[in-house]
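Student: Once you've had a glance at the structure underneath, I'll fire off some questions.
The values are calculated or read from the model by the stated rules, or taken from the named source; none is laboratory data. Quick caveat, the model's predicted, so the values are computed rather than measured. Heads up, the Cβs are rebuilt from the backbone with ideal geometry, glycines too, and the neighbour counts pull from every protein chain shown. To get the accessible areas, we keep the full protein, side chains included, count just its heavy atoms, and leave off ligands, DNA and RNA. Shrake-Rupley method; radii C 1.70, N 1.55, O 1.52, S 1.80 Å.
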Amino acid sequence: MEINTYNTPANINFTVPVRVNRESNPEGTIVNVNGVKVGGTEVVVIAGPCAIESSEQLYETARAAKKGGARIMRGGAFKPRSSPYSFQGLGEEGLKMMRKISNETGLPIVTEVMDTREMEMVAGYADMLQIGSRNMHNYPLLKEAGLIRKPVLLKRGMMATIEEFLLAAEYILNQGNTQVILCERGIRTFETSTRNTLDLSAVPVLKKLTHLPVIVDPSHGTGIRWIVPPMAKAAIASGADGLIMEIHHKPEEALCDGQQSLYPEDFIGLMTELKKIALAVGRELSLP
Ligand code: PEP
Ligand code: MN
């Protein structure tokens, strides 16, 4: 069932599983997130807060997202926090708030699901389900996401090789769900000057090996606000089909990841810059 098509520089035989293999769909898969197509010529930007905190916060960030030209909104209701004492998210109450904003703005929403027992409930509110870095190796969760008829945003495990990342995606496709977007979000290395090391070389490698769309998360990839814009530009230049970025109207008061969240005006300015990069590499990025 597995096709080997890639020799690593170390000449290690690299396994690209059959369903995610580009050979099974050479044209590339387009993932349709409630009308927004990811994987075509258009670069799609997803923006929103790390965590859903309040209606006011969602309105403010949605306004910035829309004004800047984001096509999809993000926001977590179930947060995978390193500390059990950190804010864990508003849960279903947050999802209700997010759905309301989505209906009002017309922006589809992506939100994380962490537990198989909550899959159906979260899928009832979300337009796309996110499986986060910490759960990339959660095989029951991957299988369950494969049974749901909603697109899945699968983030690379922070310690996962590209081979393991592709095998995790294969779990989802194996259950019949082909609507999967891969997200490079940085890996753990010995480097301590950034939160993670954003592996942008993963973008061309993934684009070569798989037909699935590939997006980049420069927010978690760097963890530092001022490094997000240059890496967002570099991600588009490297061939990414989109970006997911954290924005907040008051980052200094954010309950989660304020240090890496862009201010609304920074995000809106960045989008104009990103459009130039997109055009330079033969892509499109439509601004309002
Ligand atoms: C997130 O996007 O909210 C998140 C927790 O990211 P990651 O899983 O990449 O750490
Ligand atoms: Mn975050």
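Student: Roughly speaking, what is the stretch gain from Asn34 to Ala237, that is 0.36 nm per residue apart minus the C-alpha to C-alpha distance, in nm to one decimal? Can you show the working numbers first?
Tutor: Details: separation 203, 0.36 × 203 = 73.08 nm, distance 2.64 nm.
Length gained between Asn34 and Ala237: 70.4 nm.
Student: OK, next. Would you kindly derive the ³J(HN,Hα) couplings of region 68-75 from the backbone phi angles with the Karplus curve 6.51 cos²θ - 1.76 cosθ + 1.60 (θ = phi - 60°), listing them in order in whole Hz, with x for Gly and Pro?
Tutor: Couplings: x, x, 5, 9, 9, 10, 10, x Hz.
Student: Working with all protein chains in place, sort Glu92, Glu56, Glu246, Glu118 by solvent-accessible area computed with a 1.4 Å probe, largest first.
Tutor: My answer, sorted largest first, is Glu56, Glu92, Glu118, Glu246.
Student: Can you give me the long-range amide H partners of Glu42? Hydrogens built in the peptide plane at 1.01 Å from N, cutoff under 5 Å, separation of 5 or more residues or another chain.
Tutor: HN-HN under 5 Å from Glu42: Glu284.
Student: With charges only on Cβ, +1 for K and R and -1 for D and E, what is the dipole size of the chain about its Cα centre, in debye, rounded to 20?
Tutor: Values: 31 positive and 32 negative charges, 67 e Å.
For this selection, approximately 320 debye.
Student: Let me ask another. Report, to two decimal places, the Cα Rg of region 71-205 normalised by 2.2 N^0.38 Å (N = number of residues).
Tutor: 1.06
Student: Excluding ligands, DNA and RNA, what is the solvent-accessible area per residue of the chain at a probe of 1.4 Å, expressed in Å²?
Tutor: About 42 Å² of surface per residue is accessible.
Student: Right, next: Scan around Ile187 for amide H atoms under 5 Å from its own, H built in the peptide plane at 1.01 Å from N, and keep only partners 5 or more places away or cross-chain.
Tutor: HN-HN under 5 Å from Ile187: Thr197, Leu198, Asp199.
Student: Pop out the Kirkwood hydrodynamic radius of the chain from its pairwise C-alpha distances, inverse of mean 1/r, in Å to one decimal.
Tutor: Computed over the chain, the radius equals 18.7 Å.
Student: About the Cα centre, and with charges only on the beta carbon of Lys, Arg (+1) and Asp, Glu (-1), how big is the dipole of region 72-112? Nearest 20 debye, please.
Tutor: 60 debye
Student: Continuing with this model, one more query. Using a 1.4 Å probe on the protein heavy atoms only, what accessible surface does Tyr59 show? Give it in Å² to the nearest 10.
Tutor: Approximately 90 Å² for this residue.
Student: With angles folded into 0 to 90 degrees, how steeply does helix 228-237 sit against the dominant principal axis of the chain? Use alpha carbons for both and round to 10.
Tutor: Between helix and principal axis, roughly 40 degrees.
Student: Right, here's the next one. Rounded to the nearest 0.05, what FRET efficiency is calculated for Ala280 and Tyr85 with R0 set to 45 Å and r the Cβ-Cβ distance?
Tutor: Here the calculated transfer efficiency is 0.50.
Student: Charges at C-beta only: +1 for Lys and Arg, -1 for Asp and Glu. How large is the resulting dipole of region 1-130 about its Cα centre, in Debye rounded to 20?
Tutor: 280 debye
Student: Show the residues, 5+ positions off or on another chain, whose built amide H is closer than 5 Å to the amide H of Glu53.
Tutor: Leu58
Student: Residue by residue through region 250-267, which ³J(HN,Hα) values in whole Hz follow from phi under the Karplus form 6.51 cos²θ - 1.76 cosθ + 1.60 (θ = phi - 60°), with glycine and proline marked x?
Tutor: Coupling constants for region 250-267: 9, x, 5, 9, 5, 7, 7, 6, x, 5, 10, 8, 7, 6, x, 5, 5, 5 Hz.
Student: Separate question: Met245: net charge of surrounding residues, Cβ under 9 Å, Lys/Arg +1, Asp/Glu -1, itself excluded? Can you show the working numbers first?
Tutor: Working: positive: Arg74; negative: Asp217, Glu246.
Overall, the nearby charge balance is -1.
Student: Rounded to whole Hz and in sequence order, give me ³J(HN,Hα) for region 205-214 from the Karplus expression 6.51 cos²θ - 1.76 cosθ + 1.60, θ = phi - 60°, writing x for Gly and Pro.
Tutor: 5, 5, 4, 6, 7, 10, 8, 6, x, 10
Student: Would you work out what percent of the accessible area of the chain, with all protein chains in place, is carbon or sulfur (probe 1.4 Å)? Provide the component values of the computation, followed by the final result.
Tutor: On the way: 6300 of 11960 Å².
Heavy-atom surface of the chain belonging to carbon and sulfur, 1.4 Å probe: 53 percent.
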